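Notes follow once the structure below has been shown.
The values are calculated or read from the model by the stated rules, or taken from the named source; none is laboratory data. No experiment lies behind these values; they were computed from the predicted model shown. Backbone-built Cβ (ideal geometry, glycine too); neighbour counts: all protein chains shown. Just so you know, the surface numbers come from the protein's heavy atoms only, side chains and all, with ligands and any DNA or RNA stripped out. Shrake-Rupley method; radii C 1.70, N 1.55, O 1.52, S 1.80 Å.
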Number of protein chains: 2
Amino acid sequence: MSRTFGEYVRERREELREEDARFSVRQVAARIGVEPSYLSKVERGEQPPPSEATIAALAKELGEAPEVLLAMAGKVPSDLLGIIRRRPRLFSDLLRQLQDLPDHALLRLVREVRDGEW
Amino acid sequence: MSRTFGEYVRERREELREEDARFSVRQVAARIGVEPSYLSKVERGEQPPPSEATIAALAKELGEAPEVLLAMAGKVPSDLLGIIRRRPRLFSDLLRQLQDLPDHALLRLVREVRDGEW
DNA sequence: TCATGCGTGTAGTATATACGACACAGTACC
DNA sequence: GGTACTGTGTCGTATATACTACACGCATGA
């Protein structure tokens, strides 16, 4: 099994804590606006991952990409959902076409679109 | 305001009903596995749109693309969520890059990927 | 020794999600 | 004038989501 959301958060937080005591459960919880006991339970997998907003705040604290943390929580950033919902057929087809392409092909695509070649 | 989920379903169902009496609230509800009063309320917007599974069954009944009905319900097909979650950074970047491209550019992209030009 | 901070256990809550059960009034057919 | 079908109103429910409140025992430092 791969690393769960809680395990991953705990690892990242403990890492940061070695260099900065402000990364205790209590203090991180206070900064992201939840109760320490809740964060503790989430990290140990006793509670399911929190809401998108709380995960985003946590990602910021931990210096992580919110998308990645959200993905581990089984979620997808809501702005992406909005993009798909605006043109559902187009983006559904596109994603299903792209799903098996290797990373490098997708990266090339991102780059080419960014550089205005589309 | 644009057509809501319920309004759209009702319109489509009534259309089909003109040609086939089997498209009553009661009979459609029975075929998709919900209570008629529930479908009635959903169509009139008294209840929020149903679950993905129920919407998919409804789309099939009405001969509609499930993606479109789901989008009207404020949802995104769960298989697409899975695709994004597997490579969250890549697909997040990509979708954000593609969000403002016109339909024809996206269609061209879909076609080119399908034809193996990637 | 005692205040301060630590992680965690127990219990409870508010809100949303996704419906079902049942009854009722209207209409159409024979 | 019953039978069969229609849509809908009222009420209730099970499950999930996203947490809070509070207390406990341990460790550390003054």
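Things to note:
- Label-point separation, A:Glu64 to A:Glu14 (7 Å along Cα→Cβ), nm: 1.4
- Taking the accessible area of the protein assembly as shown, probe 1.4 Å, and keeping the other protein chains in place, the carbon and sulfur fraction comes to 46%.
- Chain B: relative contact order in percent, alpha carbon pairs under 8 Å with at least 6 residues between: 18
- Listed by chain and number, the lysines whose C-alpha is less than 17 Å from the C-alpha of B:Lys41, apart from same-chain residues fewer than 8 away, amount to an empty set.
- Region B:88-118 and region A:4-54 have Cα centres separated by 36 Å.
- Solvent-accessible area buried by A and B, counting both chains, probe 1.4 angstrom, square angstrom: 4100
- Seen through its C-alpha gyration tensor, with square-root eigenvalues sorted a ≥ b ≥ c, the protein assembly as shown comes out oblate because a/c lies at 1.5 or above while a/b is not bigger than b/c.
- ³J(HN,Hα) computed for each position of region B:4-20 - Karplus, 6.51 cos²θ - 1.76 cosθ + 1.60, integer Hz, glycine/proline x: 7, 3, x, 4, 4, 4, 4, 4, 4, 5, 5, 4, 5, 5, 4, 9, 7
- In nanometers and ordered shortest first, the copy-to-copy spacing of the B:Arg31 label point, defined 7 Å from Cα toward Cβ, is 5.7.
- Taking a point 7 Å from the Cα of A:Arg22 along the Cα-to-Cβ direction, the residues of region A:34-71 with backbone N closer than 16 Å to it are A:58-64.
- Nm distances between copies for A:Arg44, ranked from closest, using label points 7 Å along Cα→Cβ: 5.1
- Remark on region B:60-82: accessible area falls by at least 50 square angstrom from chain-alone to full-complex state for B:Glu67, B:Val76, B:Leu80, probe 1.4 angstrom.
- Accessible surface calculations at 1.4 Å, restricted to protein heavy atoms, place region A:35-118 at 49 Å² per residue.
- Of the GluC sites (Glu not before Pro) in region A:39-85, the ones in a loop by DSSP (not H, G, I, E or B) with at most 13 other beta carbons within 10 Å are A:Glu46.
- Excluding same-chain neighbours fewer than eight residues apart, the aspartates and glutamates reachable from B:Lys75 by a Cα-Cα span under 13 Å are A:Asp79, B:Glu52, B:Glu67.
- Sequentially through region B:71-87, phi angles give Karplus couplings (6.51, -1.76, 1.60; θ = phi - 60°) of 4, 5, 8, x, 10, 10, x, 5, 5, 5, 4, x, 4, 5, 5, 5, 9 Hz, Gly and Pro residues having no value and appearing as x.
- Neighbourhood charge, 13 Å Cβ-Cβ cut-off, centred on A:Val110 and excluding it, Lys, Arg +1 and Asp, Glu -1: +1
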